[in-house]
Amino acid sequence: MSPVSGVMTIPDSMSSEGIVAHVRRLEALGHRSVWIPDMFGREIYITAGYILANTETITVASAVAHVYGRDPIASAQAGRTLSDLYGGRFIQGLGVSHPIASEMRHVPWENPVTKTRDYVTAMRQPTPLFSFDKTAPVPIYIAAHGPKMLGVAAEGADGANSYMQTTEHTTAAGHRAVSIYLPLPAYQRQWAAQGFTEADWSNGGSDRLIDTYIAWGDIDTVFERMNAHIAAGASAIVLAALNPDLSAHDSPWDLVEAVAPGP
């Protein structure tokens, strides 16, 4: 059985029609959820609503919505509204992101652990604003790598999302995918704690770094890497499928189809 519970997709690289066609194809393959990132293009909750309105069964997850982009009440309203309007088909993934996310909004950067704990606590508070809501609570997943943030997820959320972490040769696609994270101190600290040095995240990233965090090879090899994470304690895998054709903006469908649980 495939350990994949969802697929990460970047709608910013697609047309509006392309987004719908892409997610409907995932839905037809039996993928249970699609995870969309909060980058610097389309607004994540509006995009989630657009996808939900044009699909029938697939769950949409924010992965992750920046907490510096909205106050906790606004985030709670967005999540609960989407869940209410679309039959509970929304998962709310949240994260502090990186200092650039606060700087570009002219908001002071705060201690990430304290910020996240206070934010989720505020979101969970009952308020008259949600008197319309008759649905079950929206699942909240926190982007977390270190033990303190994982503790926040354990205390106040329904789960944690970890990204590019070890379980205890990639092509140029892997280097491209990792390149945007190389200058970010939060990832550099994690890599250092896992035995890497500055030389590994400089000059485009070392092959050793890329090979550690990107599963590549034939389908059996990819499954082996995914199952290693399951064996290490992960409850599910969200696939971020990289296209070896660097000029392509769509997913490598042979991989996406191979890991699908089936309709």
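The values are calculated or read from the model by the stated rules, or taken from the named source; none is laboratory data. Being a predicted model, the structure only gives us computed values, none of them experimental. In this analysis, Cβ positions are derived from the backbone assuming ideal geometry, glycine residues included, and neighbour counts consider all displayed protein chains.
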Neighbours by Cβ (under 8 Å, 6+ apart or cross-chain): first from segment 180-198, in a loop (DSSP other than H, G, I, E, B); second of a type in the set (D, E, K, R) and at pLDDT 85 or above: 196/208
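For the subset of segment 201-233 comprising residues that are touching a His at 6+ places or on another chain (Cβ under 8 Å) and surrounded by 15 or more Cβ atoms within 10 Å (Cβ to Cβ), which member is farthest from residue 141 (Cα to Cα)?
Residues of segment 201-233 that are touching a His at 6+ places or on another chain (Cβ under 8 Å), as a first pass: 204-205, 207, 210-211, 216.
Still in the list and also surrounded by 15 or more Cβ atoms within 10 Å (Cβ to Cβ): 205, 210, 216.
On the way: 205: 29, 210: 26, 216: 27 Å.
Looking at the filtered set, the residue picked out is 205.
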Note on residue 62: of the conditions (1) among the small types (Gly, Ala, Ser); (2) modelled with pLDDT of 95 or more; (3) closer than 18 Å to residue 251 by Cα, unmet is (3)
Among the aliphatic types (A, V, I, L, M) and either modelled with pLDDT under 85 or surrounded by 14 or more Cβ atoms within 10 Å (Cβ to Cβ) (or both): is that true of residue 236 in this structure? yes
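In segment 201-214, what residues are within 23 Å of residue 226 (Cα to Cα) and part of a helix (DSSP H, G or I)?
Looking only at segment 201-214, we keep the residues that are within 23 Å of residue 226 (Cα to Cα), and these are 205-214.
Passing the criteria: 207, 208, 209, 210, 211, 212, 213.
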Could you run through segment 6-26 and say how many residues are crowded, with 18+ Cβ neighbours inside 10 Å and within 16 Å of the chain's Cα centre (by Cα)? 5
Of (1) touching a Gly at 6+ places or on another chain (Cβ under 7 Å); (2) loosely packed, with under 13 Cβ neighbours inside 10 Å; (3) modelled with pLDDT of 90 or more, residue 141 fails just (2)
